[in-house]
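Asks: The structure's right below; bear with me while I get my questions together.
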Amino acid sequence: MSTLPLLIAICLIASTTSQNTKIAPKQLLSEAAKNEGAVCIDGSPPAYYYWPGEGDGANHWYIHHQGGGWCYDSKACFSRSKTQLGSSKNYPDSVDLSKMGGYFSGNPSINPMMHNWNTVFLRYCDGGSFSGDREEPDVYQGSNLFYRGFRVLKAVKKDLEKYGLDNSSNVVISGCSAGGLATYLHLDWWSDNLPNANVVVGLPDSGFFCGIWKIY
């Protein structure tokens, strides 16, 4: 069994159907793409989904980096640019985050602490755990490929400020698989850029990878 399918399976095990819906509209960062160069591999604008918190969760935040492995060379990143892991062109206009279950659930019996928190789902479209900041595109078979995941991350944070993120009380930074690794990589950055929060903690899921390709 390869490592990636195993980690995806582990992420899915945590999912449980919720009884409380969380319909989150797509937040497409077109201005950040134009002005700051924050783009997916194919050059399309990045996006995230946001559901506002309610009641005593209105000032608390759960921020989740989507996972989905990596691309390691131009050929692989070119292939990825034709999928939703490298392009935002086919992202749905909204998603019901509660269907992801687990830490997204709106059911207090399943997710007692965070069921009514502000919930953010960062779509993963850079192929490098939200870490790239390369200015010049990689040209492969006549196509420009962009590795600018960290610009995407900064653009998402900036956009979330309009929903009150900078005045948050408690913040959980999370992610699964490649998004779990993003949690390890960027937790200190999130903490440094949320100076008004009382607590900023990390919840990486399946984000630590062994240096082997197969497990027998």
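Asks: Would you call Tyr50 outside any loop (DSSP other than H, G, I, E, B) and either open to solvent by less than 20 Å² (accessible area, probe 1.4 Å) or touching a His at 6+ places or on another chain (Cβ under 8 Å) (or both)?
Replies: On the way: outside any loop (DSSP other than H, G, I, E, B): yes; either open to solvent by less than 20 Å² (accessible area, probe 1.4 Å) or touching a His at 6+ places or on another chain (Cβ under 8 Å) (or both): yes.
Yes: the conditions hold for Tyr50.
Asks: Please work out which residue is nearest to Tyr48 (Cα to Cα), limiting yourself to segment 197-210 and to residues that are open to solvent by 50 Å² or more (accessible area, probe 1.4 Å) and modelled with pLDDT of 95 or more.
Replies: Leu203
Asks: Report, by residue number, each residue of segment 172-196 that is among the aliphatic types (A, V, I, L, M), farther than 23 Å from Leu28 by Cβ and open to solvent by less than 80 Å² (accessible area, probe 1.4 Å).
Replies: Val172, Leu181, Leu187, Leu194
Asks: Within segment 114-146, track down each residue that is over 20 Å from Gly207 (Cβ atoms), in a loop (DSSP other than H, G, I, E, B) and not small (Gly, Ala, Ser).
Replies: Residues satisfying the conditions are His115, Asn116, Trp117, Asp133, Arg134, Glu135, Glu136, Pro137, Gln141, Phe146.
Asks: Are any of the residues in segment 102-113 assigned to a helix (DSSP H, G or I) and among the small types (Gly, Ala, Ser)?
Replies: Looking for residues that are assigned to a helix (DSSP H, G or I) and among the small types (Gly, Ala, Ser), one finds at least one in segment 102-113, hence yes.
Table: residues versus (1) under 20 Å from Phe104 (Cβ atoms); (2) in contact with a His (Cβ under 8 Å, 6 or more places away or on another chain); (3) in a helix (DSSP H, G or I).
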position	(1), (2), (3)
Gly175	yes, yes, no
Ala182	yes, yes, yes
Leu187	yes, no, yes
Trp190	yes, no, yes
Asn196	no, no, no
Leu203	yes, no, no
Gly207	yes, no, no
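Asks: Would you check if there is a residue in segment 161-171 being within 16 Å of Ser88 (Cα to Cα), open to solvent by 10 Å² or more (accessible area, probe 1.4 Å) and in a helix (DSSP H, G or I)?
Replies: Checking segment 161-171: not a single residue is within 16 Å of Ser88 (Cα to Cα), open to solvent by 10 Å² or more (accessible area, probe 1.4 Å) and in a helix (DSSP H, G or I).
Asks: Filter segment 62-76 down to residues that are of a type in the set (Ser, Thr, Tyr) and in contact (Cβ under 8 Å) with a residue 60 or more places away in the chain and give me whichever is most open to solvent (accessible area, probe 1.4 Å). Even if it seems obvious, please write down each step before you answer.
Replies: Filtering segment 62-76 down to residues of a type in the set (Ser, Thr, Tyr) leaves 62, 72, 74.
So of that shortlist, the ones also in contact (Cβ under 8 Å) with a residue 60 or more places away in the chain come out as 62, 74.
Details: Tyr62: 1, Ser74: 35 Å².
Here the residue is Ser74.
A quick yes/no check of all residues on (1) more than 20 Å from Gly69 (Cβ to Cβ); (2) at pLDDT 95 or above; (3) of a type in the set (D, E, K, R); (4) out of contact with any helix residue (DSSP H, G or I) (no Cβ under 6 Å at 6 or more places or on another chain):
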site: Glu136; (1), (2), (3), (4): yes, yes, yes, yes
site: Gly142; (1), (2), (3), (4): yes, yes, no, yes
site: Phe150; (1), (2), (3), (4): no, yes, no, yes
site: Asp159; (1), (2), (3), (4): yes, yes, yes, yes
site: Lys162; (1), (2), (3), (4): yes, yes, yes, yes
site: Ser168; (1), (2), (3), (4): yes, yes, no, yes
site: Cys176; (1), (2), (3), (4): no, yes, no, no
site: Asp192; (1), (2), (3), (4): yes, yes, yes, yes
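Asks: When you scan segment 79-101, how many residues do you find that are part of a loop (DSSP other than H, G, I, E, B) and open to solvent by less than 40 Å² (accessible area, probe 1.4 Å)? Explain how you work it out, then say what you get.
Replies: Kept after step one, since they are part of a loop (DSSP other than H, G, I, E, B), are these residues of segment 79-101: 81-93, 101.
Still in the list and also open to solvent by less than 40 Å² (accessible area, probe 1.4 Å): 81, 86-88, 91, 101.
Of the residues in that region, 6 qualify.
The values are calculated or read from the model by the stated rules, or taken from the named source; none is laboratory data. Keep in mind that what you see is a predicted model, and the values were worked out from it rather than measured. Note that we place each Cβ from the backbone using ideal geometry, even for glycine, and neighbour counts take in every protein chain shown. In case anyone asks, the SASA skips ligands and DNA or RNA and just uses the protein heavy atoms, side chains included. Shrake-Rupley method; radii C 1.70, N 1.55, O 1.52, S 1.80 Å.
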